[in-house]
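A quick write-up on the structure given underneath.
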Amino acid sequence: MKSEVVSNFRLGIDIGYTTTKAVIFNEERDFLFSSYRRHKAGRKSLLNAIVRAMAILTPSKWMTKIIQKRES
């Protein structure tokens, strides 16, 4: 039987009037990813870029599923 390690992560996203902020941290409260960017009224495209960056820097099955779902 194949075992799989499961970790809990916290994801926070704040889309404001001028900036978008995102963060991922683990159970030990270590930051795995953070982003703070001005979106210049392009909220959706910037959020897509941030999610892709999260997937590259913190690869996991749940992030891959989010990206695949958004592209379909």
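Per residue of segment 35-41, what does 6.51 cos²θ - 1.76 cosθ + 1.60 with θ = phi - 60° give for ³J(HN,Hα)? Whole Hz please, x for Gly and Pro, Karplus curve as stated.
So the Karplus estimates, Gly and Pro as x, are 8, 9, 9, 7, 9, 6, 6 Hz.
Which cross-chain or sequence-distant (5 or more) residues have an amide H under 5 Å from the amide H of HIS39, H modelled 1.01 Å from N in plane?
When sequence neighbours closer than 5 places are left aside, the close amide H contacts are THR19, THR20.
What ranking of ILE50, ILE56, ILE15 emerges when the number of other C-beta atoms within 10 Å of each C-beta is taken as an exposure proxy, fewest first? Kindly include the intermediate steps, with their values, before the conclusion.
Values: ILE50 20, ILE56 9, ILE15 14.
Going from sparsest to densest Cβ surroundings: ILE56, ILE15, ILE50.
Amide H to amide H, which residues 5 or more places from LEU32 or on other chains are under 5 Å from it, using H placed in the peptide plane?
Sorted by chain and number, the residues that satisfy this are ILE24, PHE25, ASN26.
If we count every other residue with Cβ under 10 angstrom of ARG10's Cβ, Lys/Arg +1 and Asp/Glu -1, where does the sum land? List each step's numbers first, then the result.
Working: positive: ARG29; negative: GLU27.
Within the 10 Å Cβ shell, the charges total 0.
Since every read-out is calculated from the coordinates, none of them should be taken as a lab result. All values derive from a computational prediction rather than experimental measurement. Neighbour counts are summed over all protein chains in view; Cβ atoms, including those assigned to glycine, are modelled from backbone coordinates with ideal geometry.
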